[in-house]
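Right, one structure below, let's go through it.
The values are calculated or read from the model by the stated rules, or taken from the named source; none is laboratory data. Quick caveat, the model's predicted, so the values are computed rather than measured. Heads up, the Cβs are rebuilt from the backbone with ideal geometry, glycines too, and the neighbour counts pull from every protein chain shown. Side chains are part of the model used for accessible areas, which takes the heavy atoms of the whole protein and leaves out ligands, DNA and RNA. Shrake-Rupley method; radii C 1.70, N 1.55, O 1.52, S 1.80 Å.
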Amino acid sequence: GLSFAYSLPNKLFDFIHAELPILASPLVEVKRIMDQYNVGELVDNYTPDHIAKKLNEMLTDEEKVMDWKQNMQKAKQELNWENEQKKLIEIYSQFL
């Protein structure tokens, strides 16, 4: 359903802050973050062989791993509670 298609798992942010390259499904919001920050790869099918191939490619491409880790530094600065808290306070302050 739509709630799944637009879901944004907390693990995505956990992996970014742990500087672990991400292999993710192309859900709408996940894809948006992956495209914006380039912190890993998306899978286009879910067969075990395809996922294994993607993981092996990710593990052996040292240049990409270095790029992803560098991109995670920027993502960590922008995608954190301190920044999100300010947005929530701004939204809720209109109603208080």
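The orientation-averaged shadow of the Cα convex hull for the chain, equal to a quarter of the hull surface, comes to 7.5 nm². In terms of its alpha-carbon gyration tensor, the stretch 1-50 comes out oblate; a/c meets the 1.5 threshold, while b/c is at least as large as a/b.
Once the 1.4 Å probe is applied to the protein heavy atoms, the chain comes out at 73 Å² accessible per residue. Subtracting the Cα-Cα distance of Lys69 and Lys11 from their residue separation scaled by 0.36 nm leaves 19.2 nm. For the chain, lysine pairs with C-alpha atoms less than 20 angstrom apart, excluding pairs fewer than eight positions apart on the same chain, total 20. The chymotrypsin sites (Phe, Trp or Tyr not before Pro) of the stretch 9-96 that DSSP puts in a loop, and whose beta carbon has at most 15 other beta carbons within 10 Å, are Tyr46, Phe95. Close amide H partners of Ala24, meaning residues 5 or more places away or on another chain with modelled amide H under 5 Å apart, are Glu41, Leu42, Val43. For every other residue with a beta carbon closer than 12 angstrom to the beta carbon of Ala18, add +1 if it is Lys or Arg and -1 if Asp or Glu, then tell me the sum. Residues near Ala18 contribute +1 overall. When Lys and Arg each count +1 and Asp and Glu each count -1, what net charge do the other residues less than 13 Å away from Thr47, Cβ to Cβ, add up to? Its environment carries a net charge of 0.
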